[in-house]
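Structure first, commentary second.
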Amino acid sequence: MMKIDDGVEPLVRSALDAAVNRDAGRFEDALAAFSDRAQLQAGVELAAAVAAFVLFEIHDGVPSAADAEALAQDIADQESWIGLRQGETASFLAALTERRPLSAALGREGAVVLPFIVAANLLATSASPESGEWWFNYLDKVEAAIEAAG
């Protein structure tokens, strides 16, 4: 069971908020706010778990390779403010769907940045503000499901 660390969770939310708002300076500051390597690792793991949960939920399971490739292109286009590339985004999505370690699929910097950016993108594009559900409300539900599922 994945227990979400109460000290890490607000830092992850801050990074996600900066990413949703496409604020590069605030995003950089949010990543720098993690106190040490272990705390950053826990944040990356939580962001990756959120990204995976939303990815599987919007595709009603594991997306096809074609769907993942198309999604990677969409995310790279939408998140050009941070310099995301389709190839690294596709590698990240493939690692999630194949349950491979992120470190094997991505370089060091990508393994830190991509989980937050992809999670923020998926949360923001999947939440339904017109029905009253904002990305941060959706995140509450996702985190509860992650803790419950383990």
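The values are calculated or read from the model by the stated rules, or taken from the named source; none is laboratory data. None of the values given here were measured: they were computed from a predicted structure. Note that each Cβ is placed from the backbone with ideal geometry, even for glycine, and that neighbours are counted across all protein chains shown. Heads up: the accessible areas ignore ligands, DNA and RNA and are worked out on the full protein's heavy atoms, side chains in. Shrake-Rupley method; radii C 1.70, N 1.55, O 1.52, S 1.80 Å.
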Subtracting the Cα-Cα distance of Ala144 and Arg85 from 0.36 nm times their residue separation yields 18.2 nm
Those helices of the chain passing the 18 Å axial Cα length cut-off and the mean Kyte-Doolittle cut-off of 1.0 (DSSP H runs only) are 37-58, 108-126
With all protein chains in place and a 1.4 Å probe, Ile75 shows an accessible area in Å² (nearest 10) of 0 Å²
Under the rule rounded for a/c under 1.5, else prolate if a/b exceeds b/c, else oblate, using alpha carbon gyration tensor axes a ≥ b ≥ c, the stretch 8-149 is classed as rounded
accessible surface per residue for the chain, probe 1.4 Å, DNA/RNA/ligands not counted, whole Å² -> 50 Å²
Extend 7 Å from the Cα of Asp60 along its Cα-to-C-beta direction; within the stretch 129-144, residues with backbone N under 11 Å of that point are none
Between Arg100 and Ser131, the FRET efficiency computed from the C-beta separation at R0 = 30 Å comes out, to the nearest 0.05, as 0.30
Expected field for Lys141, accessible surface area in Å² at 1.4 Å probe radius, rounded to 10, holds 120 Å²
Accessible-area order for Thr97, Thr89, largest to smallest, probe 1.4 angstrom, reads Thr97, Thr89
Heavy-atom accessible area of the chain with neighbours in place, 1.4 angstrom probe: carbon+sulfur share in percent works out to 51 percent
Contact order relative to length for the stretch 8-149, counting C-alpha pairs under 8 Å separated by 6 or more residues, stands in percent at 29 percent
